[in-house]
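Encoded as C-alpha cells, the structure appears first; notes follow it.
No value in this document is a laboratory result; all are computed from the given coordinates. Predicted model only: the values in this text are computed from it and were never measured. All Cβ positions, even for glycine, are placed from backbone atoms using ideal geometry, and neighbour counts span all protein chains on display.
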Amino acid sequence: MGKLKAVLAAATLALGATAAQAEQTKIGFVYVSPIGDAGYTYQHDLGRKAIEEEFGDKIKVSFVESVAEGPDSERVIMNYAKNGYDMVFATSFGYMNPTLKVAKKFPKVAFEHATGYKRAKNVNTYVARFYEGRYLAGLVAGKMTTSNVIGYVAAFPIPEVVRGINAFTRGIREVNKDAQVRVIWTNSWFDPGKEREAADTLIGQGADVLNMHADSPATIQAAADAGVYAIGYNSDLSKFGPKAQLTSTVTNWAPYYVKRVTEVLEGKWEGNQDTWDGLKEGMVEMAPFNDAVPQDVRDLVEKAKQDIIAGTLHPFAGPINDNEGKERVAAGTTMTDGDLLGFNWYVEGVVGKLPN
Amino acid sequence: MIRFEPRLAPSRVMVYGAPILAVCFTLVAGAMLFSALGYDPLNSLYLFFIQPISDSYGLTELFLKATPLTLCAVGLAVGFRGNVWNIGAEGQLTMGAIVSGAIAVTWYDSTSMFLLPIMIIAGVLGGMAWAAIPAFLKTRFHANEILTSLMLTYVATLFLGYLVNGPLRNPEGFNFPESRMFGDAALLPLLFDESRLHIGALITLFVVLLGWFIMSRTLIGFQVKVVGLTPLAANYAGFNPKKVIWMSLMLGGGLAGLAGMFEVAGPIGQLQPVISPGYGFTAIIVAFLGRLHPIGILLAGTLVALSYLGGETVQMELSLPLAVTGVFQGMLLFFLLACDVLINYRVVLGFKRKAA
C-alpha cells in the first residue's frame, strides 16, 4: 500500500509540474476535410490559430481532421466531451445530429455547430452570411463578363449553396440584365478532378467568369489555364491563378471563435443561440481585387458593401422572380432568414432547373 | 547476390504466426516513427493502441467500428477463396442501407415489432440484388466482376444521393439532403445503455461462426476452395463454377447489405448522402489480413477498427496529422506481405548452385 502511495505521489508530482495545464480550458475542433492550404477547413483552422494566439496558455486546443459525417463524428465529439474538454466546435453540417446526441449526455460542455439548424441548451449554431459576399462578387462578375455567360461550379443542391448561387445572380443582374448563370453540380465538397471537369465544361459553353462553391482551387486553375476570370470562395485563392481570380468571398471565423471562447472562459457562455454574421461583423470578407478590375467597379462594390453593412441594401429584397418568371417575393418585402434557410428555387438569371 | 528460393513446405506455425509477427513489426516501426517525430514512443503507442479501449465505452466503440468491416470481409473472403473478386462491397452495403432505410422512412411512425426483422431481410436482399448484377454479367457474358462490381458502387452512392435529395428527403428538414430520423421501432436494440453497440455486433459474431462452418464443413465451401485453387480439378470433379460465382457474390452482397442495414438502423439512425466511410473497400484489406479465415477476419477487423480509433486519439492528444492512421494500416499490410514472402521463400546469399 505504502509503495502504491509513493508511486501515486510521484505521479502526482510529475503531473503537478504541469498543474497549470489542469486549469486550462480544453477546446476541441472537428474538421470534415484535411486542413490543406486553402478552403473551408483551412479557414476554420485559421480561427483555431487565432484563439490560440489570443488566449495562449489559458487554453489547450486540439483538432481532428477528415472526420466523416455520421457515426465517426459522434465518436470524435464524444471522446472530446468524455476527456474533459470544455468546448467543442463541430464545423460541418453533417455533425448536427451527432453533436446533439453527445450534448444531451454532457450538459456542462459547450458545443458550437457550424451551418446547422438544430440547437439545445448547450448547443449553439453559427453560419456566415456568405450570400452577402456572393452578391458583391456578382456585381464584379456582371461588370467583367463580355460573353454574358457566367459559370458556377457547385457542390450539393442544398439551401446554403442555392442561396449563394441566387445571391451571386442577383448581384450580376443588378448591373447586367443580359448575363446568365450556368450551374454544374459535382455532388462532392472536395473533388478537384470533378471540379476541374465542370469548370472546363462551363468554359467550353462560353463562360468567361467562373464562380464556385467547392473546396478545391481547381476552378481557379481551370480559369487561369483558359485565360478567363474566376471568383474564389472560402479563402483568397489568388496564388492558384493570380491573373484569373478577380476577388474571393472569404470567411473569417476568428472574431466569432474569440468571442465564444471568451464567454466560456468568463463563465458567460449560453446555448440555444443562432449566429448569422456577415460583412458587418467581419465574418465575410472580400479578398483584394485583381488589377484587371477597374476603379468604377471597385467603387460600386464598396458602395454596395457599405449599404449592406448599413442595412439599406439586402440581396434578397423584392421584387424577386424565379427563373420560370413567377414572382416569389413581392416588392417592398424582403426574404426572412427562415426563407433563406430553406431556399429551393432559382432566381431569374440562373439557367436550368434545380435537381430534386 | 540475394535470391529467393521457394520453400518446399511453408511452416504451418508461421502461416498463422505471420499476422502476429506483422503486428509486432508494426509496433516497433511505429515506435521508431514516433520517436523520429520527436514524441515519446511508448506514450504514443499507448495513446494509439491502449488509450482508445481503456474504458468500457472505448471497447463498445471498437466493436461498433469492427462490425461492418468484419461482416463485409467475411462475405468477401468466401469469394476471394473461389477466385471471385467482388470489389463492390461498398455499393452492396449502400444498397442494403437504401432498401432497409426506405422501409424505415416510409413507415416512420410504425411501432410494429416486425419492422426491424423486415428491414434486416430487406437489407440483405438489397445487397444481394446489387451483387446479382455482376454475377449475372459474369456468368452470362464473362464480364469481369472486378470492373462491374466496382462501377456499380458509384451507381449505388449516386442513387442514394438522389433519394435523400428527392423522394426520401425529410419534409421538415429545410431541404437539406437527409431523410427523417428513424422511429424507435426501426432502430437496433442496444447491448448496453450509454453505448452505441447494438445487437448487430452479436449477429456478426454468429455470422463469423457460420462463415467458418460453411467454409470448412460443407460441400459448397469445399467446392469454392477447389474452384479457387485448381479450376481444372474442379472441372473434372463436375463442380459447377457458375454456381460458385453466384454463391460467392450472393453471400458477399448479402452480408455487405446487412452491414449497411446495421449502420443506418444502428449508429446513424437516418439516411444520409454518405452511409459508409469506405467500409466496403477497407474490408478487402481486412479479409487478407485475416487470412481469408472468418476467425482471422474477426481479429483483423478489430485491429483495423482500433487503428481508426487510435488515429483519432493521437490527433487529439499529440496533434499528429490524420495520415498517421493510414501509415499504420499501410505498415501492417506491408509487414504481413513481407512475412508471407519469407514464409514461402527462403533468402539465399550467393550464386545459384549449378545442377550436378
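Observations
- Estimated FRET transfer efficiency when R0 is 45 angstrom, pair residue B:342-residue B:121 (beta carbons, to 0.05): 0.45
- The protein assembly as shown - convex hull of the alpha-carbon atoms, volume per residue in Å³: 222
- Close Lys pairs in chain B, defined as Cα atoms under 20 Å apart and 8 or more places apart or on different chains, number 5.
- Top of A:332, A:133, A:151 by mean-square fluctuation, Gaussian network on chain A, Cα under 10 Å: A:332
- Relative contact order %, chain A, counting alpha carbon pairs below 8 Å whose residues are six or more apart: 17
- Paramagnetic reach from residue A:104 in the range B:245-287 [backbone N under 15 Å; point 7 Å along Cα→Cβ]: B:266-270
- Gain on full stretching of the segment that runs from residue A:25 to residue A:82 - 0.36 nm per residue minus C-alpha separation: 19.1 nm
- Student exercise, the range B:40-319 dipole from Lys, Arg, Asp, Glu Cβ charges, in Debye to nearest 20: 1440
- Label zone at residue A:197, where the point sits 7 Å out along the Cα-to-Cβ direction: the range B:74-107 residues whose backbone N lies under 11 Å: none
- Listed residues B:85, B:107, B:130, most fluctuating in chain B (Gaussian network, C-alpha, under 10 Å): B:107
- Annotation: extensible slack from residue B:213 through residue B:1 equals 71.7 nm (criterion: 0.36 nm per residue apart, minus Cα-Cα distance).
- For chain A, adding -39500 (n - 2.57) for each run of n ≥ 4 DSSP H residues and dividing by the number of residues yields -12500 deg cm²/dmol at 222 nm.
- Counting 0.36 nm for each residue step from residue A:339 to residue A:326 and taking away their Cα separation leaves a gain of 3.0 nm.
- Checking the Cα-Cα distances for A:49/A:259; A:326/A:353; A:60/A:101; A:305/A:353; A:26/A:108; A:101/A:121 against a 18 Å cut-off, the pairs over it are A:60/A:101; A:305/A:353.
- Long pairs among A:82/A:118; A:177/A:303; A:58/A:280, criterion Cα-Cα beyond 26 Å: A:58/A:280
- Relative to the longest principal axis of the Cα atoms of chain B, helix B:279-289 runs at roughly 30 degrees.
- Relative contact order of chain B, pairs being alpha-carbon contacts under 8 Å that are 6 or more residues apart, as %: 35
- √(5λ) per eigenvalue of the Cα gyration tensor, chain A, largest first, Å: 42, 21, 19
- The reciprocal of the average 1/r between distinct C-alpha atoms defines the Kirkwood hydrodynamic radius, which for the range A:20-128 equals 13.8 Å.
- Under the simplified labelling scheme, the residue A:177-residue A:268 pair shows an inter-label distance of 5.1 nm, with each label point 7 Å from Cα along Cα→Cβ.
- Computed [θ] at 222 nm, helices only, for chain B once each DSSP H run of length n ≥ 4 contributes -39500 (n - 2.57): -22500 deg cm²/dmol
- Dividing the Cα radius of gyration of chain B by its Kirkwood radius returns 1.02 for Rg/Rh.
- Residue-wise HN-Hα coupling along the range B:315-322, computed from phi with Karplus coefficients 6.51, -1.76, 1.60 (Hz; x: Gly, Pro): 5, 5, 8, 10, 6, 6, x, 4
- Relative contact order (%) - the range A:20-128, alpha-carbon pairs under 8 angstrom, separation at least six: 25
- Choice from A:322, A:236, A:215 with maximal GNM fluctuation in chain A (Cα, 10 Å cutoff): A:322
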